[in-house]
1. I'd like the full set of residues that are within 8 Å of chain B (Cβ to nearest Cβ) and touching a strand residue (DSSP E or B) at 6+ places or on another chain (Cβ under 9 Å), limited to region C:76-85.
2. For region B:145-161, indicate whether the set of residues that are under 17 Å from residue B:57 (Cβ atoms), aliphatic (A, V, I, L, M) and crowded, with 24+ Cβ neighbours inside 10 Å is non-empty.
3. Is it the case that region C:2-21 has a residue that's surrounded by 13 or more Cβ atoms within 10 Å (Cβ to Cβ) and in contact with a Lys or Arg (Cβ under 8 Å, 6 or more places away or on another chain)?
4. Checking the structure you have, find out if any residue of region C:32-46 is among the basic types (Lys, Arg) and modelled with pLDDT of 85 or more.
5. How many residues, within region C:121-145, are within 7 Å of chain A (Cβ to nearest Cβ), out of contact with any Lys or Arg (no Cβ under 6 Å at 6 or more places or on another chain) and touching a residue at least 24 places away in the same chain (Cβ under 8 Å)?
6. Suppose the filter is of a type outside the set (A, V, I, L, M), without any contact (Cβ under 8 Å) to a residue 12 or more places away in the chain, surrounded by fewer than 19 Cβ atoms within 10 Å (Cβ to Cβ) and more than 10 Å from chain A (Cβ to nearest Cβ); does residue B:31 pass it?
Amino acid sequence: MSLIDLANPTRFLALAARLLPWLALVTVGLLAAGLYLSAVAPDDYQQGATVKIMFIHVPNAWLSMFVWGVMSIASLGTLVWRHPLADVAAKAAAPIGASFTFLALLTGSLWGRPMWGTYWEWDARLTSVLILFLMYLGLMALWRSVEDPTRAARAAAVLTLVGAINLPIIKFSVDWWNTLHQPASVMRMGGPALDKSFLIPLLVMAVGFSFLFITLHVAAMRNEILRRRVRSLQMMQARAYPGSAPASGATGQIVGAA
Amino acid sequence: MTALGALIRRDIRIALRIGGGALIGVLFFLTVVVLMPFAVGPDLALLTRLGPAILWLGALLSSLLTLDRLFTADHEDGSLDLIVMSRTPLELACAAKALAHWLAAGLPLVIATPVLGLLLNLDATATGAVALTLLAGTPALTFIGMIGAALAVTMHRGGLLLAVLVLPLSIPVLIFGVAASQAAIVGPLPFGAPFSILCALSLVSFVIGPFAAATSLRNGLD
Amino acid sequence: MQLSPRLFGRDVRCVRGGREVFTGLAFEAGAGEALAVTGHNGAGKTSLLRLIAGLLLPAGGTIAIESGEGELTVPEQAHYLGHRDALKPALSVAENLTFWADFLGGGTIRPIPDCLAAVGIAHTIDLPAAYLSAGQRRRLSLARLLAVPRLLWLLDEPTAALDVAGQAMFAGLMREHLAGGGLIVAATHGPLGIDTSELRIGN
């Protein structure tokens, strides 16, 4: 890794350092406001207080798909434009997206418990989210299986784009499979007709969670860049000719450079 | 004992580091279990009835597929030569490697079982029964599969050949594992009888596996 | 009265893949002696080392160590340095060497940093082995020979991948081993930098 490769990420690091406190502040403010609005929102006449799970569930479900979209654009950046930050962005987004997806599944099944009487129902929406979760885990396993991140980047980018094309097909098949078996579908979650008293807290929460994603993503990209720097510095240290620089001096260089 | 402890620690470390395959086994297990309802339909009553069988099949396939690299990785980088030459009996070294593999790849399957039980609508008793039978039975799968992994080194082939060789050998474990789970859920057999046989199968495999694997490795190196 | 150990082979015959590699081979080395195995490619240099290491079964003849350590077999008293370095890239340099010291050793273990310093890679101790160059990987394998004392060193092209300074360093280590009463059998094409008696196999 040469210095030219690091030039662009260096500017990103400076930008991230300036942006992160503000992003964190906006996120905390929005989420606090959203939680307050959710708490004072009225109970549903059918579902009672359980409807408030929606305020967490829907933003997470929306982000679970949005993050895959972000990774797809980043993957295009890796494959087509060869932008040095693209694969950093894609790699950093995967665990965050997986976490949002997991939260969507968790809140979905907690919501389903009072409605279906079981924690899990092979409902078309939940099942699609579960498959998305599996794809996130597979992608993370792919990133983890190769030590050199630049080598893993291309494989992961191809998989991400194939996933982006395949996700609608999977969604369609699961819907078809589900209606085939269950003509009279049980109640659908988050129907379109929402009262304003629900809609406003939901929107605030959705924007809040989106900012949470941006904050976490910028922080994770910064960590990934630093991790790669440590890696290249370690490789330089390994290559240092024995005797030319004492071990303690080389360690000092790392601390200074990072 | 230092030698065996060192071997177990090393194998677990490699499995958990980047490039290690410990958690991919759990992911495979999860995927297989999630695929089942797409084949049999989302009927919860049916899934409950098939649940133990689905979980056992998933665990069986997952533990066999991760065994592929048990000895081949050490063979390719020359470590296996040194392990064979060492003052530690090869049988014990094989057993230590299998134990490390079970800790890194088999035990997570048992831990993941309650989550997957939820997907298949199993109640607490049923999930507990399946997890307990997997805890008793997956060591047998690892120690039997180890024989296939050792043969894979000899033949310079792994993957499907290993599965074809080892799957028939693991049929008894599957029979008594699923039988014990079903006994705990619906009866009519008492849980103890098939479960004891399952434990016995595991104990027998602790003896047969290392000896067969060591014999195969000793004769197979070149 | 302690007799000094002696490695010998009598009438050794090696068959691989249905082809007779060599037959009627005899060799002998006493304490403090190095045996350089030479011969053209395919003459069976590696096969001979693997026969002594117990990794191949001889088709005939005997290989043994006289007055060695107790009841131990030849492989159990030997270090084998093959073409492959027996390193795990995911583990750090220290973890790799500590593992082999613990696994092979049992008691007399030289401190890991000492061994790494002796082969000139002390500065890499905490780095992943994946970052080492081929020569450094070779040096790390050599450190294994120092970490655990063994009577017999079986070396297959030990100086391949080593630079000139590395070869000189290794020659020093081998001289030390021989001075301590050790034995060396090395398959080689080039000079090892120590006094050896030559065992030529093949025609």
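1. C:78, C:80, C:82, C:83 - these are the residues of region C:76-85 that are within 8 Å of chain B (Cβ to nearest Cβ) and touching a strand residue (DSSP E or B) at 6+ places or on another chain (Cβ under 9 Å).
2. No, the conditions are met nowhere in region B:145-161.
3. Within region C:2-21 (the criterion being surrounded by 13 or more Cβ atoms within 10 Å (Cβ to Cβ) and in contact with a Lys or Arg (Cβ under 8 Å, 6 or more places away or on another chain)), the answer is no, since none of the residues qualifies.
4. Yes, there is a match, as at least one residue in region C:32-46 is among the basic types (Lys, Arg) and modelled with pLDDT of 85 or more.
5. Summing the residues that are within 7 Å of chain A (Cβ to nearest Cβ), out of contact with any Lys or Arg (no Cβ under 6 Å at 6 or more places or on another chain) and touching a residue at least 24 places away in the same chain (Cβ under 8 Å) in region C:121-145 gives 4.
6. Spelling it out, it is not the case that residue B:31 is of a type outside the set (A, V, I, L, M), without any contact (Cβ under 8 Å) to a residue 12 or more places away in the chain, surrounded by fewer than 19 Cβ atoms within 10 Å (Cβ to Cβ) and more than 10 Å from chain A (Cβ to nearest Cβ).
One line per residue, one yes/no per condition, for (1) under 13 Å from the mean Cα position of the chain (by Cα); (2) among the hydrophobic types (A, V, I, L, M, F, W, C):
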| site | (1), (2) |
| --- | --- |
| A:8 | no, no |
| A:49 | no, yes |
| A:67 | yes, yes |
| A:78 | no, no |
| A:83 | no, no |
| A:95 | yes, no |
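Per-residue answers, yes or no, for (1) out of contact with any helix residue (DSSP H, G or I) (no Cβ under 6 Å at 6 or more places or on another chain); (2) within 23 Å of residue A:201 (Cα to Cα); (3) not acidic (Asp, Glu):
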site	(1), (2), (3)
A:12	yes, no, yes
A:31	no, yes, yes
A:37	no, yes, yes
A:73	yes, no, yes
A:80	yes, no, yes
A:90	no, no, yes
A:100	no, yes, yes
A:107	no, yes, yes
A:117	yes, no, yes
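The values are calculated or read from the model by the stated rules, or taken from the named source; none is laboratory data. Just so we're clear, the structure is a prediction, and the values are computed from it rather than from any experiment. When we count neighbours, we look across all protein chains shown, and the Cβ atoms used for this are built from the backbone with ideal geometry, even at glycine.
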